[in-house]
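Written out below as structure tokens is the structure these notes cover.
Read the figures in this text as sums done on the coordinates, not as results from a lab. Everything numeric in this text was worked out from a predicted model, so none of it was measured. Glycine also receives a Cβ, built like all others from the backbone with ideal geometry; neighbour counts cover every protein chain displayed.
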Amino acid sequence: RDVRLDGAQTRVMDIRLRLAMEDTLRPALASVVAIDNRHLEWRFEEPVTPADADWLPRLRILPAENGPAAFVLLASAPHPLNSQSVHSFTAPQSPGSYRAVAADLFDLSGLPLDSLSREVEFIASTRTDTVRPRLARLLPADSTRNVALNAPVEATFSELMRMDSSRTFLAVRDSAGVAVPGMRRWKNHFQFEFKPATGWNSRAKYTIDVLPDSVFDLSGLALLDTLQRRIFWTVNA
């Protein structure tokens with residue numbers, strides 16, 4: 001067939017196609033693990049998502065038979081670095097067994113959860129949350145070159161964070177040490193994004209600093225102070 005690329009006509013020939021099996025296997029909830037007495041991890045057999053991006057009504061905790069009263073989920077979000085894992089921040093958990101129920105979730109093919117595999121039993125944790133959050137990923141990575149002039153700075157954390165944390169915890173400066181103006185926002189409980197107001201300068205050097213004592217997880221613990229200054233260079237326009 002003939003296609004047009006950037007205004008030029010190009011002939012594409014000898015394309016070989018292979019039939020693929022249609023996805024008919026519904027997703028399933030594999031397990032739920034209490035990380036501590038305020039955090040749960042929901043593990044699905046494949047990536048799932050709600051139709052309206054609202055996770056809280058889709059996940060529930062119910063009492064098990066002869067178990068203690070159920071506790072409430074206060075926040076839930078999928079982990080950006082593990083698409084089959086969803087994390088929840090809970091009210092304080094009491095010791096005992098509970099039932100975790102997921103509903104109205106769909107896989108990437110639009111298939112709903114298997115009705116026979118959307119509920120599991122788990123044991124609550126009595127361990128207090130004392131683990132401080134970490135910066136799991138920062139983009140652009142340290143010493144990256146040829147960064148696009150419209151690329152954002154994105155921080156991904158190891159656990160659910162307070163979205164009312166100070167938005168000035170991430171400082172971006174040019175080679176002269178001048179702060180770069182831009183838009184700062186929490187994309188979700190895991191990810192924070194900074195976009196320069198007018199884009200990056202061509203073939204320029206920038207530094208990223210994170211202030212650990214101004215960003216907190218949902219338990220109120222400050223970011224673990226193990227960070228160093230990150231540097232990146234932009235592409236030559």
### Query
FRET efficiency for A64 and R185, Cβ-Cβ distance as r, R0 = 35 Å, nearest 0.05?
0.30
### Query
What is the magnitude of the charge dipole of the chain about its Cα centre, with +1 placed on the Cβ of each Lys and Arg, -1 on the Cβ of each Asp and Glu, and no other charges, expressed in debye to the nearest 20?
960
### Message
How long are the semi-axes of the equivalent ellipsoid of the chain, defined as square roots of 5 times the Cα gyration tensor eigenvalues? Whole Å, largest first.
### Response
38, 31, 12
### Message
Once you place label points 7 Å from the Cα toward the Cβ at D174 and N82, how far apart are they in nm?
### Response
4.2
### Task
Name the residue, out of R38, R162, R185, whose mean-square fluctuation peaks in a Gaussian network model built on the chain with Cα pairs under 10 Å.
R185
### Query
Using the reciprocal of the averaged 1/r over all distinct C-alpha pairs, how large is the Kirkwood radius of the stretch 173-223 in Å?
12.9
